[in-house]
1. Return only the number of the condition from (1) modelled with pLDDT under 95; (2) within 14 Å of chain B (Cβ to nearest Cβ); (3) in contact with a Phe, Trp or Tyr (Cβ under 8 Å, 6 or more places away or on another chain) that A:A364 does not satisfy.
2. Take A:V4 and decide whether it is modelled with pLDDT under 90 and either exposed (fewer than 11 other Cβ atoms within 10 Å of the Cβ) or more than 30 Å from B:I9 (Cβ to Cβ) (or both).
3. If I ask for residues that are within 29 Å of A:S415 (Cβ to Cβ), surrounded by 11 or more Cβ atoms within 10 Å (Cβ to Cβ) and of a type in the set (V, I, T), which ones from the stretch B:58-93 would you list?
4. Restricting the search to the stretch B:143-171, which residues are at pLDDT 90 or above and either in contact with an Asp or Glu (Cβ under 6 Å, 6 or more places away or on another chain) or of a type in the set (S, T, Y) (or both)?
5. Quick one: which residue in A:I373, A:I362, A:I296 is touching a Ser or Thr at 6+ places or on another chain (Cβ under 6 Å) and of a type in the set (A, V, I, L, M, F, W, C)?
6. I'd like the full set of residues that are in contact with a helix residue (DSSP H, G or I) (Cβ under 7 Å, 6 or more places away or on another chain) and either away from chain B (no Cβ under 13 Å) or part of a loop (DSSP other than H, G, I, E, B) (or both), limited to the stretch A:252-274.
7. Could you please let me know if B:V8 is β-branched (V, I, T), outside the structural domain of B:V297 (by TED's automatic domain parsing) and either over 39 Å from the mean Cα position of the chain (by Cα) or exposed (fewer than 13 other Cβ atoms within 10 Å of the Cβ) (or both)?
8. Somewhere in the stretch A:423-434, is a residue within 27 Å of A:I149 (Cβ to Cβ) and modelled with pLDDT of 90 or more?
Amino acid sequence: MAEVFGRRLSRAVALCLGALFLLAACGGGSNGNTGASSTDVTVWSAWGGAELKAFQDVLAPFHTKTGITVHLTTVRDANQLAINVDAGTSLPDIANGPTVDKVKDWVSKGVMKSVETALGSDFNAYISNTYPALTTPPAGKSDDLYIGIVAGKHYEMMVKTQVKGLFWYNKKVYTGPAPKTFDDLLAINPSQYGAQKLFCAGLESGSASGWPASDQIDNIIMRQNDATFYTNWIEGKVKFTDPQIKLGYQTYLKEVSSANVYGGPNTVLSTNFGKAGDPLFKTPAGCLFLEQATFIPSFFTQDFPALNLKAGTDYDFFAHPSVDSKYDGNVNGFYDNFVMYNDTPAARALMKYMATSDAQQIWANDGGTLAAIKSINYNDPVYKNAASVAASAKNLLVTAGDFMPSDMQAAFWKSLLNVTNNPGSLDSELKRLDQVQAAAYKTS
Amino acid sequence: MDRIITAVIAIIGVPLVLLGYIYAGEWVIERLPARVQVWIRPYFWALPAIGFATVFMVYPLLRTVVLSFRNGADTQWIGWDNYVYFFTFPDTLTSLRNSLLWLVFYTLFAVGLGLIIAILLDRVRYEQIAKIAIFLPVPISAVAASIIWKFMFDYQPPGTVQTGTLNALLGSFGAQPVAWLVNSTTNNAALIFVGIWSITGFCMVIISASLKSISTEVLEAARIDGANEFEIIRLIVTPLLWPTITVVGTTMIINALKTFDIVFVLTSGAYDTDVIATQMFRQLANAHYGRAAAVGVVLFVAIVPLLVVNIRRFQQQEEQR
């Protein structure tokens, strides 16, 4: 009996195994490719949540108008495109541009199709409608890999943008004019407005602690130097011990010195970036200004629900004042772009559509961003104001750390925490950063 | 869909394959001559375990050693560069120093307090309740414990309401608040304290169990011979507990060297609080696989002697039984 049972069991086992192998063989799915189509277009984006929803809102009228179906895939892994390019496998028709280091290579290989090709006769309108800082390389240059310009040709089509380094204030407390220069800003006497200190700051952000300080110092360095120096620094061609970078650190330290910052350095280092602005709305006010990007009002309203804070009436911001007037027009921000990777009629149609103000108005209406087109209307006074900052920009410069190798970025952030904690350690910190830099940019 | 199929294969398929291996193998072995059967059967049954250990333990170990001599992209041999980096770079040296601090103070206090508490509680009536109180932090996950302590260490500007328990306490004595986790004279101590808080109960329970096994006759004989309580603890209890203390101690040393979660949650290694394991994580996160492997190898080499001691102790205890 036992033997019969055993034999049956082993037969059952064999059967199950066979079935499993069969299943496994069928498991390898197929990745559909639509080919050079005029009815379908494949798009990859890294967006999720509200940003994804906004993009879907933008795409909806395109489908009803043209009948072209957009196959949108969220691809979180920024490297996936590069993996496909290296492997020679199929690319989406439209996706975001690659990292800066790959732009030249991909253009020379013909992987990226130019915006001129995609837009055709609409190209000139695109250039004149879009913020100049997003489409123009620094004066005297024909390349700007950050915005996808190689040998004067455009490869990344800008659709959205943001500006950073804004000084937020409580309108009921600070009633003075926006200072023109950084020295004017430092000269403001907080007690004149009933506030304890000039600035608030909060650098704590878990394992990313220090990033708010990097935004602050970037906004200083890009206003003390020209755009090329700034990008050279990002690319590891300028040392941290360079006198200009040291000057940037010293200027930053004025923003977090015991004399100027609410609660002193310990408070700055212990406070989460989202809570940094709370003292703006306390009575008496802890500080007059908080330097942060356009996302920060959501934290104000979240922390003070009872005050029912409104943009434009309760709080507002002014742009980062000029540090060295020679470099006015360098503005910190970022941008979202699309690149056409397969030149198909449907892809061209979608690129043309996304460059229209109709499409970008939807992005603006959904909130949380500036469009790339200058003439868009914003309901939110914050973005109305931010649009004028973007319009004033000659060069929209990225946040440095985000474009450095990751261990350079981590060391950069950490150095900002350390010098905030102990300004006397500046020289040794900068030396250490040089050491990290020498190792981090080695391509191996 | 692909993933579901893979999961099904993994969950059902692997045990089925093993079952198939046993049935098919036994079917073959049964048909072999009796002497061969006796010789081959243990190997046959041990093979899957050895196979798994090789694939999941030995291979990764060897691969880590190999990786530690290669560059980040694993394309080139670079000799001792990763180790040179580890032992010369200021950041990693700080992490080595901190791991040493952890090793000494965490082990000393966890085992020492565990021992003292176990001995003291052995002599009181409310032993059970006190033990539960001290053991309570042990089952809390290190991440949750760290977040609890993040609130305890919280810092607000001087002159405002202190929301952190410790600073509120300082304030009630009229003292200025301390930025426990930022100030480099207090932060390492604060982190190690959290570690001790969460593990002392464990040491206490193990030592206490061993303490209970000391026969009361021995102690009574000593008392009759005129030994006072301190002499009993020093000359009788402690030597009898020694094997247990070594095992607990070595386990704590290994814990100290592996410390990651508390540091990662509370400071992420900022303000000179990095330890070896957070350093390894950082190298991994920044795609320096070679350097991370080198850190791993250093950590492994540091832990091996302790493992050997621990296993020897276990064996001795087994033999004594």
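1. All conditions pass for A:A364, except number (2).
2. Details: modelled with pLDDT under 90: yes; either exposed (fewer than 11 other Cβ atoms within 10 Å of the Cβ) or more than 30 Å from B:I9 (Cβ to Cβ) (or both): yes.
Yes; evaluated as a whole, the condition is true for this residue.
3. B:I78, B:V84, B:T92
4. Once the filter is applied, which keeps residues that are at pLDDT 90 or above and either in contact with an Asp or Glu (Cβ under 6 Å, 6 or more places away or on another chain) or of a type in the set (S, T, Y) (or both), the stretch B:143-171 yields B:V143, B:S146, B:Y155, B:G164, B:T165.
5. On the way: A:I362 fails: touching a Ser or Thr at 6+ places or on another chain (Cβ under 6 Å); A:I296 fails: touching a Ser or Thr at 6+ places or on another chain (Cβ under 6 Å).
Step by step, each of A:I373, A:I362, A:I296 is checked, and only A:I373 is touching a Ser or Thr at 6+ places or on another chain (Cβ under 6 Å) and of a type in the set (A, V, I, L, M, F, W, C).
6. A:Y252, A:L253, A:K254, A:E255, A:V256, A:S258, A:N260, A:Y262, A:F273, A:G274
7. Details: β-branched (V, I, T): yes; outside the structural domain of B:V297 (by TED's automatic domain parsing): yes; either over 39 Å from the mean Cα position of the chain (by Cα) or exposed (fewer than 13 other Cβ atoms within 10 Å of the Cβ) (or both): no.
Answer is no for this residue.
8. Looking only at the stretch A:423-434, we keep the residues that are within 27 Å of A:I149 (Cβ to Cβ), and these are none.
Looking for residues that are within 27 Å of A:I149 (Cβ to Cβ) and modelled with pLDDT of 90 or more, one finds none in the stretch A:423-434, hence no.
The values are calculated or read from the model by the stated rules, or taken from the named source; none is laboratory data. Just so you know, these numbers come straight off a predicted model, no measurement behind them. Please note: Cβ atoms are built from the backbone with ideal geometry, for glycine as well, and neighbour counts cover all protein chains shown.
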